[in-house]
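Novice: Attaching a single structure in structure tokens format; questions to follow.
What follows is calculated from the coordinates using simple rules that are stated; it is not laboratory data. On a predicted model such as this, the values are computed, not experimentally measured, just so you know. Quick reminder, even Gly has a Cβ in these numbers, built from the backbone with ideal geometry, and neighbours come from all protein chains shown.
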């Protein structure tokens, strides 16, 4: 088992790679792993809102004025974010200022904002996206057994570890109490009480509570959602094919407190005990 | 025993372009430059990591259409095409030049030792060329490429990014005006990585890992050091005359002979020394350059830059309006064009850094030369000199001997 790690997106990403082909010498496996780490670093540099030279800051400076071109992977990220916004009734929203106030053009692969005061914060979905891209990189080089995790709250398991049925992930201090087993799947955990110093003790807020009336009636939202902030502590784990979709849904479910009808069939959600 | 001099006549008699003419309060358009021309078609040859970085920056420029991509590896081309979906793909650069006469500007980001053949073909085809730094892996290739560029009728831009970076352009004249007499210089590049990449389909491990191949690699000194050494050349307006170096494999004992850790001293004729350290075994401190003078120090870190004044140094009028930050327990003056205006716009976040990476500014400078006739920010002649210093520094590391640069 080869372990690699990097610091990115304000947290630590770690990979455990199993050599499972004869020609996967340790040197080659490390080189493959570093390519995947490089993908994490690349997405960090592109998606961080804390560095003005990131692509995201370029987007936030520019997209209200003119359409901004996207590569295919970034387009897919924004597409998924919009899908979760719709299906969650606005409980997950990467935009600030107005609810989902952005237009994706799938012909030209461009994105523009509908208002001057819109900005995008990709938060956890960016971390999940980086994990998805790293996993794709590993698969592309023939790695079939690996565990990738970012900040211990999101991860992806490729194949199975040696001698086990899946990659077992503990979700509580007692590793046997709450677990998920991953086989070619991803997970994301959201906990609105994990940062007690955040406002109201809850670092995940309901984006609908901050929306204007006009924005709340935006096209695509079938019903006007409630405007209450969640007050109780909620912990949710979502599993499914994509870490970024799991990340987005785990955030939405903490806000919603229940699984809505639009929750995608390929994913599974479980509310955890409030105190780990 | 000192090594023989390297082309004294062309090396030592030429210095970096004029240092005068840059104001202390530079034009804010340096930070967010725009192109006036529309529909400029470009191609990228070499779509590895650096080629993809170029594509990321080109995507931000709406006037630019990436019309073609070229690489020997189909897998790399496929990945690159996700950032330029309408680009035509080629596996051989001559086919690209023949098939797409509408493409006027070409960025070359192949392995360093392949630059010369491609760049010379691009110039011969009458296209503008941006060549990644270092421009070549041998002294002979550097001279040949500089000579070819001198007779070319198109724009030939060497990708030494410091000369286009607004923070570095802000700092460059200050090295003389604010620091006064130089004391010493230091630069480092620390990153913990093997520098090894997995070979793709149809590619040998040796081809993929050309930076670890002693037959073609210029090592850490050439491949990453030349960029930082060029900053010193540009700021000083001159080049070192002697180079000493040492290095070894400290961490990655995987059979490689190219050092994963080096220390180099670039020594100028007046005795000023720039110590350069690079390693693949430790990441502390990352990448930065330090210039020490009798009146203060300048610390440059590519997206950031600060001036630290000595307590007894005279205060200049412009400092009253400067943005200041605490850096490494010292108050530094932020070296960013129009920092006050950017702060008012909320664009100076977390450390007053640039709104784009250095590569973006280098590409913009190149494209402005192509479309608007702007002066070339880094000529092939300047690029060749800094590439040669990197190559000779690698030679000093490899041989353990003092290399004389134009000193015979």
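Novice: If you restrict to DSSP beta bridges whose two residues both lie in chain B, what percentage is antiparallel, to the nearest 5? Write down the numbers at each step before the final one.
Specialist: Values: 40 of 68 bridges.
Antiparallel bridges make up about 60 percent of those DSSP assigns within chain B.
Novice: Still on this structure, I have one more. Taking R0 as 56 Å, what FRET efficiency do you get between residue B:270 and residue A:105 from their Cβ-Cβ distance, rounded to the nearest 0.05? Intermediate values should be presented prior to the final figure.
Specialist: Details: r = 59 Å, r/R0 = 1.05.
So the FRET efficiency works out to roughly 0.45.
Novice: Along the Cα→Cβ direction, 7 angstrom out, place labels at residue B:180 and residue A:12. What is the inter-label distance in nm?
Specialist: For the pair residue B:180/residue A:12, the computed spacing is 4.8 nm.
Novice: While we're looking at this one, here's another question. Fully extended, how many nm does the chain gain between residue B:199 and residue B:216 (0.36 nm per residue separation, minus their Cα-Cα distance)? Intermediate results must be reported in sequence, preceding the final value.
Specialist: Details: separation 17, 0.36 × 17 = 6.12 nm, distance 1.71 nm.
Length gained, residue B:199 through residue B:216: 4.4 nm.
Novice: Using a Gaussian network model of chain B with C-alpha springs under 10 Å, which one of B:368, B:309, B:192 is most mobile by mean-square fluctuation?
Specialist: Among B:368, B:309, B:192, the largest GNM mean-square fluctuation belongs to B:192.
Novice: Still on this model: Let me have the relative contact order for region A:1-93, percent, based on Cα pairs under 8 Å that are six or more residues apart. All intermediate terms of the calculation are to be shown ahead of the outcome.
Specialist: Values: 69 pairs, mean separation 13.7, N = 93.
Reported relative contact order: 15 percent.
Novice: State, to one decimal in nm, how far the label point of residue B:328 lies from the label point of residue B:140, with both points 7 Å from Cα in the Cβ direction.
Specialist: Modelled inter-label distance: 4.2 nm.
Novice: Further, regarding this structure: Could you work out which residue, out of B:61, B:388, B:243, moves most in a Gaussian network model of chain B, that is, has the largest mean-square fluctuation with Cα springs under 10 Å?
Specialist: Answer for the Gaussian network model of chain B: B:61.
Novice: Return P(r) of region B:62-183 (all Cα-Cα pairs; 10 Å bins starting at 0; whole %; ordered from short to long distances).
Specialist: 12, 35, 30, 15, 6, 1
Novice: Determine which residues of region B:58-94 fall in the zone a paramagnetic label at residue B:41 would reach in this model, i.e. backbone nitrogen under 13 Å from the point 7 Å along Cα→Cβ.
Specialist: Answer for region B:58-94: B:65-69, B:87-89.
Novice: Mind telling me which of B:40, B:320, B:216 comes out most flexible in a GNM of chain B, alpha-carbon contacts under 10 Å?
Specialist: Of the options given, B:320 has the highest mean-square fluctuation.
Novice: Ok, one more. Given a Förster distance of 25 Å, report the FRET efficiency between residue A:258 and residue A:168 from their Cβ-Cβ distance, rounded to the nearest 0.05.
Specialist: On the way: r = 27 Å, r/R0 = 1.08.
The pair residue A:258/residue A:168 has a calculated efficiency of 0.40.
Novice: Label region B:149-206 by shape, choosing from rounded, prolate and oblate, from the square roots a ≥ b ≥ c of the eigenvalues of the Cα gyration tensor; if a/c is under 1.5 it is rounded, and otherwise prolate applies when a/b is larger than b/c, oblate when it is not. Display every interim value, and only then the final one.
Specialist: Numbers: a/c = 3.53, a/b = 1.51, b/c = 2.34.
Oblate, because a/c is 1.5 or more while a/b does not exceed b/c.
Novice: Report the antiparallel proportion of the DSSP beta bridges in the protein assembly as shown as a percent, rounded to a multiple of 5. It would help to have the intermediate numbers written out before the result.
Specialist: Details: 84 of 112 bridges.
Antiparallel bridges: around 75 percent, rounded to the nearest 5.
Novice: Could you tell me how far the Cα centroid of region B:382-407 sits from the Cα centroid of region A:119-188, in Å?
Specialist: Region A:119-188 and region B:382-407 have Cα centres separated by 47 Å.
Novice: A follow-up question, please. Got the relative contact order for chain B handy, in percent, Cα pairs under 8 Å and 6 or more residues apart?
Specialist: Numbers: 871 pairs, mean separation 97.6, N = 408.
The normalised contact order for chain B reaches 24 percent.
Novice: Using R₀ = 45 Å, calculate the FRET efficiency as 1/(1 + (r/R₀)^6) where r is the Cβ-Cβ separation of residue B:284 and residue A:179; round to 0.05.
Specialist: Result of the calculation: an efficiency of 0.80.
Novice: Once the Cα atoms of the protein assembly as shown are picked out, what are the Rg and Dmax in Å?
Specialist: Cα only, the protein assembly as shown: 26.3, 83 Å (Rg, Dmax).
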